[in-house]
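Enquirer: I'd like to ask you about the structure that follows.
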Amino acid sequence: MRVVPAWEWIEGTSFRYGPLIGVLPESPQRAAQIQVSEQLTLRLFGEAGVQVQSEELGRTIYGKPQLRWRRDCAFHHSISHTGPITVGVLSEGAIGIDVEFEDRRIGVSPSLLLRRMFSTEQDAASCLERWSLLQLWTIKEAVLKASGYGLAGGLTNVALNRQRGSAECFGQVYGLTLLRWQQYLITIAAKANV
């Protein structure tokens with residue numbers, strides 16, 4: 001299903017290949033979500049001029065589609081979903097994307113979550129001056145996806161530069177783009193060329 005989103009750019013830069021979104025009428029079962037992720041992945045590559053067949057897609061350990069190695073394709077892509085929406089982005093460099101429902105109920109106390117996300121209370125307080133708690137979560141998760149580690153890389157290993165609106169993780173710098181689509185917050189983290 002094709003959706004032409006009206007993105008609200010919160011901050012950051014645009015991309016040569018813009019993010020795409022797929023929407024189901026309600027929160028899907030796992031099989032439907034997998035199908036939407038696969039279709040969105042094929043669209044991402046197709047819009048960049050790379051024709052990919054579904055049999056060329058594999059799955060990550062998290063069940064997300066990934067393109068099996070091809071010599072003619074140097075693109076990286078990332079997919080994220082929450083509830084009925086799936087978002088994806090494609091880039092020539094390492095990239096990660098995360099999406100969360102803006103009014104998501106967090107099942108733990110915010111102070112506990114901040115302790116898991118930041119090494120010091122000062123870092124957390126400084127970042128909360130610029131971003132909301134949920135934006136911080138999407139930023140850190142998108143960066144960890146772009147780094148290739150995912151959440152196993154540890155939220156505290158993502159250091160945010162509040163002034164520049166960027167992040168560093170394991171010695172790599174990532175530019176950040178924050179978007180809103182309807183009631184969803186979306187963050188894209190792209191490895192910076194330094």
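Enquirer: How big is the gap, in Å, between the Cα center of region 102-144 and the Cα center of region 155-194?
Expert: Going from one Cα centre to the other spans 13 Å.
Enquirer: Quick one: 3J(HN,Hα) in Hz for region 179-186, Karplus 6.51/-1.76/1.60 with θ = phi - 60°, rounded, Gly and Pro as x.
Expert: 10, 10, 10, 6, 9, 10, 9, 10
Enquirer: Now a separate question. Sum -39500 (n - 2.57) across every DSSP H segment of at least 4 residues in the chain, then divide by the residue count to get the 222 nm mean residue ellipticity, nearest 500.
Expert: -8000 deg cm²/dmol
Enquirer: OK, next. Could you give the angle, 0 to 90 degrees to the nearest 10, between helix 133-147's Cα long axis and the longest principal axis of the Cα atoms of the chain?
Expert: Approximately 50 degrees, to the nearest 10.
Enquirer: In square nanometres, what is the average projected area of the Cα convex hull of region 8-99?
Expert: One quarter of the hull surface, i.e. the mean projection, equals 6.4 nm².
Enquirer: From the P(r) of region 105-171, can you give the percent of Cα pairs sitting at distances over 15 Å?
Expert: In whole percent, the share of Cα-Cα pairs in region 105-171 beyond 15 Å is 47.
Enquirer: Give the order of Ile188, Ile139, Ile106, Ile61 when sorted by the count of other beta carbons within 10 angstrom, beginning with the fewest.
Expert: By the 10 Å Cβ count, ascending: Ile61, Ile106, Ile139, Ile188.
Enquirer: Another question about this same structure. How large is log10 I(q)/I(0) at q = 0.09, 0.11 Å⁻¹ when the Debye formula is applied to the Cα atoms of region 48-185, each weighted equally and without solvent?
Expert: Rounded to two decimals, the profile gives -0.29, -0.44.
Enquirer: Here's something else I'd like to know. Among 76-87, 107-118, 166-177, how do they line up by average Cβ neighbours within 10 Å per residue, starting with the highest?
Expert: 76-87, 166-177, 107-118
Enquirer: Shifting gears a bit: Using alpha carbons only, how many degrees (0 to 90, rounded to 10) separate the axis of helix 30-47 from the longest principal axis of the chain?
Expert: 80
We did not get these values from a lab; they are worked out from the coordinates using the rules stated. What you see is a predicted model, and the numbers here were worked out from it, not measured in a lab. Cβ atoms come from the backbone with ideal geometry, glycine included; neighbour counts cover every protein chain shown.
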